[in-house]
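Here the structure is laid out as structure tokens; the discussion comes afterwards.
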Amino acid sequence: MRKVSINDSAAYVGQQVIIEGWVTHHRSSGKIHFIVVRDGTGVLQCVVKNPDAILEGVEQWSELNQETAVEVMGVLHADNRAPIGVELEVESVRVIGLSENYPIAPKEHGVDFLLDHRHLWIRSPRQTAILRIRAAIVHAIREFLDDHGFIAADPPVITPAAAEGSTTLFSIDYFDEHAYLSQSGQLYLEALAMALGRVYSFGPTFRAEKSKTRRHLMEFWMVEPEMAFCDFEENLAWQEQLVGYVVQYVLETRKQELRTIERDTARLEPVKPPFPRITYDQALERLRGAGFDLEWGEDLGAPHETALAEMFDRPVFVTHYPTALKAFYMQPDSNNPLVALAADLLAPEGYGEIIGGSQRIHDPDLLQERMRRNHLDSDVYGWYIDLRRYGSVPHSGFGMGLERVVAWICGLDHVRETIPFPRTLNRVWP
Ligand code: 4AD
Ligand code: MG
């Protein structure tokens, strides 16, 4: 007999099938029993009308507790009252794994309780919908980059030096040496771009950020494209193309999940290139107009980013930040070296910076000067300077934080729900 996953079941109406899953709840109405089963792909109502239906593994239908693992056999019927348009008329239920006193009931629990039970919380309809959207976002990112000639290349996770400042490094013992968990694969991706042209990495990165905000994780996933022979403008074009593709892909392929989490998709529909661009100077002007008091040279904080993003219906690039605010490797603007050819992409609805990117310095002398000014040891970064010695070319890249993108696309209050097992300032468990 055919085993069918719930999201495919509408294609098997009229047929006898087997569904494997977990009981989310059951109820009885006289002699009829309703058992709702989920299998990770969807939720199906199973109805026991036949008094001779077989129950194996427990004595009573009422013993099919929440999260009992079952194999259900029966015939699928069309039913337009059911969310997925079908219902299963049960012939037999076989218990595969018992479940008792499941701690997460379908009622309100506190966040700490839920996070303590994250290994079980991920089974809930809302969490599975988010994780399915996350997977679709990952797929769309890889598909876009693979289809546009980017080679997936994997920088190391254990690194000897900082890529994004020394204050947020996680140290590890590497036998007799000091090493760190990677904050960004960028420096290695620059080497790989000189080998392969267009490259990207996609993996976990680590920052010991003493920030307890709804946007910060200690371990987060970043996609980092890096392109040889690519200037600042072309870099922005890749970013808006990628983000537009990802959002439209999710809108098309994850309708059911977006409904489950009650996302207002009207806010996502306009997210198509081109995205608006404002310089840092224009951002200051707009912010002053909105009542913020900000000096030239100050960094934009979360409230500023939120206020700016609210002025647009799609993500907005803020470009040409003061060089002093940004990383040592960013190319200063030849028209005004006080600002860098850098841009942050701010998501709508208060989700803040989802991408940071820039053109990279390709001149060896300028790079070394910037490194001296940032007190970086040219021994540790010697190989990085080498890249500027052997056929150096203008090149650019960016890093997009997956969890912030998931939070934005799903409309979540906090990044902790965007990743299966979040690592936050005060939680490394479970
Ligand atoms: O702006 P960031 O620090 O840029 C870099 O690391 C560059 N080296 C990337 C590159 O050009 N290849 O980080 C990039 C993005 C941010 O825009 C944000 O989306 C995300 O990574 N991010 C975080 N996400 C969650 N928690 C944190 N603690 C994050 N820090 C950065
Ligand atoms: Mg940044």
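General observations
Here's the yes/no breakdown for (1) more than 16 Å from ligand 2 (Cβ to nearest atom); (2) of a type in the set (S, T, N, Q):
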site	(1), (2)
T159	yes, yes
E164	no, no
T167	no, yes
S171	yes, yes
A179	yes, no
S184	no, yes
M194	yes, no
G197	yes, no
Y200	yes, no
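- Restricting the range 157-175 to residues that are small (G, A, S) and out of contact with any helix residue (DSSP H, G or I) (no Cβ under 6 Å at 6 or more places or on another chain), the residue that is nearest to ligand 1 (Cβ to nearest atom): G165
- Residue in the range 64-72 that is out of contact with any helix residue (DSSP H, G or I) (no Cβ under 7 Å at 6 or more places or on another chain) and more than 30 Å from L131 (Cβ to Cβ) present: no
- Pick from the range 210-242, criterion among the acidic types (D, E) and crowded, with 20+ Cβ neighbours inside 10 Å, ranking: nearest to ligand 2 (Cβ to nearest atom): E224
- Among (1) assigned to a helix (DSSP H, G or I); (2) within 14 Å of ligand 1 (Cβ to nearest atom); (3) touching a Ser or Thr at 6+ places or on another chain (Cβ under 8 Å) - the single one F398 does not satisfy: (1)
- Tally, over the range 362-405, of residues that are without any contact (Cβ under 8 Å) to a residue 40 or more places away in the chain and either within 16 Å of ligand 2 (Cβ to nearest atom) or touching a strand residue (DSSP E or B) at 6+ places or on another chain (Cβ under 7 Å) (or both): 1
- Only listed residue being closer than 28 Å to P160 by Cα and assigned by TED's automatic domain parsing to the domain that holds D333, chosen from F232, F220, F275: F220
- Among the numbered conditions (1) under 15 Å from the mean Cα position of the chain (by Cα); (2) at pLDDT below 95, the only one that P160 does not meet is (1).
- Residues that are assigned to a helix (DSSP H, G or I) and of a type in the set (D, E), drawn from the range 100-121: D112, D116
- Some residue of the range 289-296 being in a helix (DSSP H, G or I) and without any contact (Cβ under 8 Å) to a residue 40 or more places away in the chain: yes
The values are calculated or read from the model by the stated rules, or taken from the named source; none is laboratory data. Note that the structure is predicted; figures quoted are calculated from it, not measured. For neighbour counting, all protein chains shown are included, and Cβ atoms are generated from backbone atoms with ideal geometry for every residue, glycine included.
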